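The values are calculated or read from the model by the stated rules, or taken from the named source; none is laboratory data. Here the structure is a predicted model, which means the values were calculated and not measured. Note that each Cβ is placed from the backbone with ideal geometry, even for glycine, and that neighbours are counted across all protein chains shown. Heavy atoms of the whole protein, side chains included, go into the accessibility calculation; ligands, DNA and RNA do not. Shrake-Rupley method; radii C 1.70, N 1.55, O 1.52, S 1.80 Å.
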Amino acid sequence: MRISRAASVLLSDPCFQLHSIQHLLGEGGEPAGSSTTAAPSPPPVVGPLGAAVAPAVSPGPGAGGPADRKHFSLHAYTDYISEEEERKVEGMLAFLTEESKQAAASTAPTSEEDLCPICYAHSISAVFKPCSHKSCKACINQHLMNNKDCFFCKATITGVEDYTKPASS
């Protein structure tokens, strides 16, 4: 099965973290050894002008300790987020998790020459025009916020195109 283009673009963006969606749903942030069947979250604290500030945290024995810490969850904001919206976020998380697994299974290990020469953390994914130097999209996007010249040769960047590694011969 082929990974969808939208999921591929999102999952390959170095700024996107699947854990962010898990956090929204209150998943993945539980301390080690804690129970997964926690009591339902209390309603949110409402600040001035009726804006939700944070879910209420009831102080109990040992208040403030890591075991008593309440984690953010969309489930606590029932006055602001409908069950349908929660289901959509849960569906998106399930879809992206599966797409991420498929992408990882079909991706060959990255060689050093395929890594961004600026951050060495992400694969090369952008080509600068007119000079044809390459980096990852995260590095070039960050750089283009304040500069319009190439990292390497200082030529004025007139465009950025997606980079696809040529097939090996």
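Numbers below:
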read-out: Close pairs (9 angstrom Cβ cut-off, 6 or more residues apart or separate chains): more than 16 Å from PRO117 (Cβ to Cβ) and in contact (Cβ under 8 Å) with a residue 60 or more places away in the chain in the stretch 143-159, surrounded by 10 or more Cβ atoms within 10 Å (Cβ to Cβ) and among the aliphatic types (A, V, I, L, M) anywhere; value: none
read-out: Residue in the stretch 159-169 that is more than 22 Å from GLN17 (Cβ to Cβ), open to solvent by less than 80 Å² (accessible area, probe 1.4 Å), part of a loop (DSSP other than H, G, I, E, B) and at pLDDT 90 or above present; value: no
read-out: Count of the stretch 4-38 residues which are modelled with pLDDT of 80 or more and among the β-branched types (Val, Ile, Thr); value: 1
read-out: Tally, over the stretch 128-158, of residues that are of a type in the set (Phe, Trp, Tyr) and at pLDDT 90 or above; value: 1
read-out: Number of positions in the stretch 127-158 that are in a loop (DSSP other than H, G, I, E, B) and either in contact with a His (Cβ under 6 Å, 6 or more places away or on another chain) or at negative phi (or both); value: 15
read-out: Qualifying residues in the stretch 118-127 (those that are touching a strand residue (DSSP E or B) at 6+ places or on another chain (Cβ under 9 Å) and modelled with pLDDT under 90) - the one least open to solvent (accessible area, probe 1.4 Å); value: ALA126
read-out: ALA105, sole failed condition from (1) of a type in the set (A, V, I, L, M, F, W, C); (2) modelled with pLDDT under 70; (3) open to solvent by less than 60 Å² (accessible area, probe 1.4 Å); value: (3)
